[in-house]
Protein chains: 2
Amino acid sequence: MDYGSRFSIPATNATRSVIREILKLTQRPEVISFAGGLPAPDTFPVELLDDITSKVLSERGRTALQYGTTEGDVRLRSQIKQWVASDGIDAPVEQILVTSGSQQGLDLVSRVLLDPGDMVVVELPSYLGGLQSFRSYQAEMVGVEQDHDGMRMDRLADQLGALRGQSIQPKFIYVVPDFQNPSGTTMDLGRRKRLLELAAEFDTLIVEDTPYRQLRFAGEDQPTLFSLDTEGRVVNLSTFSKLFCPGFRLAWAIAPPAIIEKMVMCKQSSDLCTPAFTQAIMAEYMIQGRLAPQVHAIKELYRRKSRTMLRAMERHMPKDVEWTKPEGGLFLWVILPEGMDSLVMLEKYAIPRDVAYVIGQAFHFDGSGPNTLRLTFSFPTVDQIEEGIKRLAVAIRDYRADL
Amino acid sequence: MDYGSRFSIPATNATRSVIREILKLTQRPEVISFAGGLPAPDTFPVELLDDITSKVLSERGRTALQYGTTEGDVRLRSQIKQWVASDGIDAPVEQILVTSGSQQGLDLVSRVLLDPGDMVVVELPSYLGGLQSFRSYQAEMVGVEQDHDGMRMDRLADQLGALRGQSIQPKFIYVVPDFQNPSGTTMDLGRRKRLLELAAEFDTLIVEDTPYRQLRFAGEDQPTLFSLDTEGRVVNLSTFSKLFCPGFRLAWAIAPPAIIEKMVMCKQSSDLCTPAFTQAIMAEYMIQGRLAPQVHAIKELYRRKSRTMLRAMERHMPKDVEWTKPEGGLFLWVILPEGMDSLVMLEKYAIPRDVAYVIGQAFHFDGSGPNTLRLTFSFPTVDQIEEGIKRLAVAIRDYRADL
């Protein structure tokens, strides 16, 4: 049978995630991988979860194992409401939707807002999962460059102006304002305010993705775009994957009521509801006050790991290699000298020297950024970070010698 | 802010699920609900799950709480492979994709195969979640009537011929061959073979949804369409929701490799992966051989409940009311005399008498079937079934007296 002619346009255009394919290359135990954006598994609260699961099953097993509402477990939503309130977000539970991972949040936002050909403004570089979602709904994209403080507002104003000149109104601007994936950069307050002004001036929405936001280990908190917004222009996405564990696939979206209402309808046809079982466990975990100390411990660990990586970079990297200094999150972004290609380097120099990363091109919707790459410091051990950066520096030097 | 103009076409067209809205009406404890398709919570293996979760956390906590592959936990897929093999389905793990509920299976099949305007052939009546998915991808539909043995093949041949006359090739035929939702009917072997012949003659695919298949409590097993197919025309969807519990949202799709490959890509942008935690628990549950006795116990319970419902129907219903005699599953379908409207009856006669069901119109993509309704016998207790059917008969008689 020939299936090719039967596929939809999105399926025909779909490709496997570059990151997931790279992860397969790095499964040899001798490879030190800075590739996947994986949290450190030593932080997973394994024993505590055993107790909490027992409690949930004995006290509310029948509901925890039954279908739940599409909006999500009301006990969990009420805990999320309190959790985000302590971060300055004031939203009633009716505006909070539990999603099956933040990726589903991106999928639902895309499904609710995007028809084929609609325009989305993204960061250069941007989170790969976001780009995949927007592509899957056949959106068009334009990119706005970042500097060390995230998306450049002068360039955004230019892009929005250029689009207006073509009578194109973008559906939304997609940003990761805190410890961006992949760049590790954070937008300061001035940029956040300017971004909201520009969204108002050009009458568009903002999708604010904040998976790493609570993992700040240096510098000062900046308010979320959602909390600064007075016009209902912001959809905020967040997740427990980096604060608790990814294996529960629990995340949430906060949005104006009209948007949440449509997201709920679209979630009904996507997966009916997020598992009641994991939601009940997560709710109990939060009710017991376990999440805050857990997040504190993760931050301390990532602070140490990021410092190790930064010091190793300073010690080992050639002078003309640049990198970001993240104040939180999981990632550090590396810019190699012009003319170097991080994909060639990965295949011919890094993997053979047992070190891996994600090529920066994967994060550029337009395929730019050949001389960039992303390093994750959350997953490898401190010793692996030290050794892996050494290997990476050797790979860079050897590649350059062959150029 | 006006959001209306910003929504995508699917979001603009989306409506809340009729069933989920009805469920809200039936939350008063005095209402006996035959509405939701909920499994009986007494069958949930609460205590066993406590032990199994402890074992999984202590033996493999770090992987069970981490991200997993999009295809699904390989231990679980290997258990599913063995499970379906005992039902005559021969498929390698590479053709098995774990999904976040069967609804996600429907969503992914739709995403992979349907562009706006594409044609899908559905049963009249058909599973509501399927219709929602197809609508969400802006598919067109034609319906084929059922009789007491499921979809009528003469009518299907007519429909396919009529479509060919308009140069329309449907993307697939969607069927629930075993104990259909909502009708409770089962296709016999002859119809199954004929369905495959027609799919070949008109060169289309079949999506075979089998969530209730293993819950046969009377009559003889019929082979799946997937196992009868020799041309790679069938996508089989199934789920643990009715065999184990819905609160895990674990299901699977089996399809030709080219289709599975595209479903995996689309799942990456939908939710990255199904929770590793619930998959690891389910795999352990199956490895311990717990699923078969669990399914046996569920079948015995549903056999008893369906018999109670059928006897109560015989005892209490007016002579000109008809209903199906299911050999398995969760549902029984009721046809009221022409001229009666099950929605009017629900609102004015049934709910006030503290009994609820789902109106049949919700299952007809074209809004037909006003005189039909669906009853679930899995969720209410035996006593509730007896009492609820009495109330329903009173509602029917009172409604008729007022006509």
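The values are calculated or read from the model by the stated rules, or taken from the named source; none is laboratory data. From a predicted model like this one, the values you see are computed outputs, not experimental measurements. Note that we place each Cβ from the backbone using ideal geometry, even for glycine, and neighbour counts take in every protein chain shown.
Search region B:118-130 for residues being closer than 27 Å to B:P275 by Cβ and in contact with a Phe, Trp or Tyr (Cβ under 6 Å, 6 or more places away or on another chain), and hand back the single one that is modelled with the highest pLDDT.
Taking region B:118-130 and keeping what is closer than 27 Å to B:P275 by Cβ, we get B:127-130.
Among the residues that remain, those that are also in contact with a Phe, Trp or Tyr (Cβ under 6 Å, 6 or more places away or on another chain) are: B:128, B:130.
Numbers: B:L128: 93, B:G130: 97.
By that ranking, first place goes to B:G130.
Every residue in region B:32-60 that is more than 27 Å from the chain's Cα centre (by Cα) and more than 7 Å from every other protein chain (Cβ to nearest Cβ), please. Give the derivation first.
Of all residues in region B:32-60, those more than 27 Å from the chain's Cα centre (by Cα) come to B:47, B:50-60.
Matches in region B:32-60: B:E47, B:D51, B:I52, B:K55, B:V56, B:S58, B:E59, B:R60.
Each residue in region A:73-117 was checked for being farther than 26 Å from B:C273 by Cα and charged (D, E, K, R), and 3 of them qualify. Of all residues in region A:265-311, those satisfying the criterion of being within 14 Å of chain B (Cβ to nearest Cβ), under 22 Å from the mean Cα position of the chain (by Cα) and closer than 17 Å to A:K81 by Cβ are A:T274, A:Q279, A:M282.
Criterion applied to B:A401, B:A395, B:A350, B:A362 was being in a helix (DSSP H, G or I) and within 30 Å of B:V142 (Cβ to Cβ), and the one residue passing it is B:A362.
Considering only region B:238-296, how many residues are part of a loop (DSSP other than H, G, I, E, B), surrounded by 23 or more Cβ atoms within 10 Å (Cβ to Cβ) and not charged (D, E, K, R)? Don't jump to the end; show me each part of the working.
Filtering region B:238-296 for residues part of a loop (DSSP other than H, G, I, E, B) gives B:240-245, B:249, B:255-256, B:272-275, B:288-290.
Then drop every residue that is not surrounded by 23 or more Cβ atoms within 10 Å (Cβ to Cβ), which leaves B:240-242, B:244-245, B:249, B:255, B:272-275.
From what is left, the residues that are not charged (D, E, K, R) are B:240-241, B:244-245, B:255, B:272-275.
Matching residues across region B:238-296 total 9.
The one condition from (1) surrounded by 20 or more Cβ atoms within 10 Å (Cβ to Cβ); (2) within 17 Å of B:A251 (Cβ to Cβ) that B:V122 does not meet is (2). Of the numbered criteria (1) more than 8 Å from chain A (Cβ to nearest Cβ); (2) β-branched (V, I, T); (3) closer than 27 Å to A:R111 by Cα, the one B:T15 fails is (1).
Taken as a whole, the condition of being within 14 Å of chain A (Cβ to nearest Cβ) and more than 23 Å from B:S183 (Cβ to Cβ) does not apply to B:L243.
Taking the conditions (1) under 27 Å from B:T12 (Cα atoms); (2) crowded, with 19+ Cβ neighbours inside 10 Å in turn, A:E140 satisfies each one other than (2).
For A:G117, the stated conditions do not hold, so it cannot be described as away from every other protein chain (no Cβ under 14 Å), surrounded by fewer than 23 Cβ atoms within 10 Å (Cβ to Cβ) and without any contact (Cβ under 8 Å) to a residue 24 or more places away in the chain. Against the test of being more than 25 Å from B:K267 (Cα to Cα), of a type outside the set (V, I, T), assigned to a helix (DSSP H, G or I) and away from every other protein chain (no Cβ under 14 Å), the options B:G143, B:G161 yield a single qualifying residue, B:G161.
Name the single residue, out of those in region A:252-264 being of a type in the set (G, A, S) and within 21 Å of the chain's Cα centre (by Cα), that is nearest to B:S5 (Cα to Cα). By that ranking, first place goes to A:A255. If we keep just the residues of region A:61-78 that are more than 10 Å from every other protein chain (Cβ to nearest Cβ) and not acidic (D, E), which is surrounded by the most Cβ atoms within 10 Å (Cβ to Cβ)? Only one residue fits best here, namely A:L76. Given the options A:D115, A:D2, A:D107, name the one that is assigned to a loop (DSSP other than H, G, I, E, B), farther than 30 Å from B:D50 by Cβ and at pLDDT 95 or above. Being assigned to a loop (DSSP other than H, G, I, E, B), farther than 30 Å from B:D50 by Cβ and at pLDDT 95 or above holds for just one of A:D115, A:D2, A:D107, which is A:D115.
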